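The values are calculated or read from the model by the stated rules, or taken from the named source; none is laboratory data. Bear in mind the structure is a predicted one, so any value in this text is a computation, not a measurement. For neighbour counting, all protein chains shown are included, and Cβ atoms are generated from backbone atoms with ideal geometry for every residue, glycine included. Accessible surface areas use protein heavy atoms only, side chains included; no ligands, DNA or RNA. Shrake-Rupley method; radii C 1.70, N 1.55, O 1.52, S 1.80 Å.
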Amino acid sequence: MIRIGMLTSGGDCQALNAAMRGVAKTMYNSREDVEIYGFLNGYQGLIYGRFRLLSYADFSGILTEGGTFLGSSRTPYKTIREPDENGLDKVAAMKQNYHKLQLDCLVILGGNGTHKTANLLREEGLNVVTLPKTIDNDLWGTDMTFGFQSAVDVATDAIDRIHTTAASHGRVFIVEVMGHKVGWLTLNAGMAGGADIILIPEIPYDIDKVAAKIRERHDRGSRFTILAVAEGAISREDAKLSKKDYRKKQENSKYPSVSYEIADRLSKKCGFDVRVTVPGHTQRGGTPCPYDRVFASRLGSEAAKMILKREFGYMVGYKNREMVKVPLEDVAGKLKMVDPKASIVEEAKMLGICFGD
Ligand code: F6P
């Protein structure tokens, strides 16, 4: 008998269900007797002992479903060692629930924060296998995370739709794309949607260069301009501030997000009416695209293969078109950012896309 505890933590994304189904189907199809316990709402379920014994039927019909049937929540790593409001030691509670259920391992699906806690649980002696989930594609140790391609589809669709209305009215439009502190989603959706300007956190922008690009397009007879702006985009001036000062600036900002500040500055510089569209959480919602369904299923299968071989302490990653095992201690606490010198950035520039640098 092999007993597995499964949980999904952090911001959700498409194909979480597909990934869990991949693990479960592979396990049930193996020769081992298997019990899978689902912890509800991420680490909260593991801390407070909220779980359900799952059956084959729970994993049936969920390949195409968005969200996570187990529920998710954010349980910040920063405070994981601090007792909760009732004085409960959260780490001790997670270990206790793991041992009470006599689990052989945990399968944890999550992004950056989730991986820090997963690695802590490994250090505490629990067997852990993780799967790389996030629309941001910012997990170190894997070229791709599931959810990313689906989010690229949604963000691209938003840019496509803005394109037609921007063209009709001759307007400048900003589409603000998610991605937290990295620009993978904006870069890919921006290129796919034919954005004229792409602003990402890894390449701090000069507002005058952005304004010059809009004017240049206008002077050449283009009636509209599309900017794909990452939610974490940062100006050259702001990039010089300390993290603390930048946070303070954002907290006191009159703008709801960076795009509104950029829009305001550009309107003043160019005299154009600059509109902002924020697709927000739609980028994480809805059904996974075919790529993510296949990719998440494969990752799930590989995780099960590792469990069957009793190989623990790894994230299943994807490197150079191969499935790989990445030690959790290597993943935890690192960000995979866009390299400003990467060929995709160079190619985008050759296509005439302005990054404001
Ligand atoms: O990490 C995924 C993500 O969607 C980021 O792109 C975004 O910055 C963040 O989560 C939003 O978090 P929340 O759903 O907690 O507002």
Taking the conditions exactly as written (in contact (Cβ under 8 Å) with a residue 40 or more places away in the chain and assigned to a loop (DSSP other than H, G, I, E, B)), does Arg215 satisfy them or not? no
Could you check the stretch 133-149 and list, in sequence order, the residues that are within 12 Å of the ligand (Cβ to nearest atom) and either in contact with a Lys or Arg (Cβ under 8 Å, 6 or more places away or on another chain) or not hydrophobic (A, V, I, L, M, F, W, C) (or both)? Lys133, Thr134, Ile135, Asp136, Asn137, Asp138, Leu139, Thr145, Gly147
Looking at the stretch 18-40, can you tell me whether even one residue there is within 20 Å of the chain's Cα centre (by Cα), among the hydroxyl-bearing types (Ser, Thr, Tyr) and under 14 Å from Val107 (Cα atoms)? no
The stretch 173-191, residues that are in contact with a helix residue (DSSP H, G or I) (Cβ under 6 Å, 6 or more places away or on another chain) and either more than 19 Å from Asp339 (Cα to Cα) or within 14 Å of the ligand (Cβ to nearest atom) (or both): Phe173, Ile174, Val175, Glu176, Val177, Met178, Gly179, Leu185, Asn188, Ala189
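Which members of the stretch 13-58 meet the condition of being part of a loop (DSSP other than H, G, I, E, B) and within 24 Å of Ala93 (Cα to Cα)?
Leu40, Asn41, Gly42, Gly49, Arg50
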Do you know which of the residues in the stretch 150-172 that are of a type in the set (A, V, I, L, M) and more than 12 Å from the ligand (Cβ to nearest atom) is surrounded by the fewest Cβ atoms within 10 Å (Cβ to Cβ)? Ala167
In the set Val278, Val258, which member is within 15 Å of the ligand (Cβ to nearest atom), surrounded by fewer than 20 Cβ atoms within 10 Å (Cβ to Cβ) and under 22 Å from Asp136 (Cβ atoms)? Val278
Give the residues of the stretch 226-245 that are open to solvent by 60 Å² or more (accessible area, probe 1.4 Å) and part of a strand (DSSP E or B), sorted by residue number. none
Total residues in the stretch 114-132, condition within 15 Å of the ligand (Cβ to nearest atom) and either surrounded by fewer than 22 Cβ atoms within 10 Å (Cβ to Cβ) or farther than 25 Å from His281 by Cα (or both): 1
Condition test on Lys325, is it open to solvent by 30 Å² or more (accessible area, probe 1.4 Å), more than 30 Å from Asp196 (Cα to Cα), in contact (Cβ under 8 Å) with a residue 12 or more places away in the chain and under 22 Å from the mean Cα position of the chain (by Cα)? yes
Which ones in the stretch 227-251 are of a type outside the set (Gly, Ala, Ser), within 16 Å of the ligand (Cβ to nearest atom) and touching a strand residue (DSSP E or B) at 6+ places or on another chain (Cβ under 9 Å)? Val229, Glu231, Ile234
Scanning for something within 30 Å of Phe173 (Cβ to Cβ) and in contact with a helix residue (DSSP H, G or I) (Cβ under 8 Å, 6 or more places away or on another chain), does the stretch 115-135 turn up at least one residue? yes
Near pairs, Cβ below 8 angstrom, 6+ apart or cross-chain, from the stretch 265-291 (over 18 Å from Phe173 (Cα atoms) and among the hydrophobic types (A, V, I, L, M, F, W, C)) to any residue that is open to solvent by 80 Å² or more (accessible area, probe 1.4 Å) and within 16 Å of the ligand (Cβ to nearest atom): Cys289/Asp153
Scanning the stretch 75-107 for residues that are under 23 Å from the mean Cα position of the chain (by Cα) and either surrounded by 14 or more Cβ atoms within 10 Å (Cβ to Cβ) or more than 16 Å from the ligand (Cβ to nearest atom) (or both) gives Thr75, Tyr77, Ile80, Leu106, Val107
Between a first residue in the stretch 308-320 that is surrounded by 15 or more Cβ atoms within 10 Å (Cβ to Cβ) and a second residue that is of a type in the set (Asp, Glu) and not in a loop (DSSP other than H, G, I, E, B), which pairs have beta carbons less than 7 Å apart while being 6 or more apart in sequence or on different chains? Val316/Glu302
When the stretch 281-307 is checked residue by residue, the ones that are among the β-branched types (Val, Ile, Thr) and either over 30 Å from Glu261 (Cα atoms) or buried (at least 18 other Cβ atoms within 10 Å of the Cβ) (or both) are Thr287, Val294, Ile307
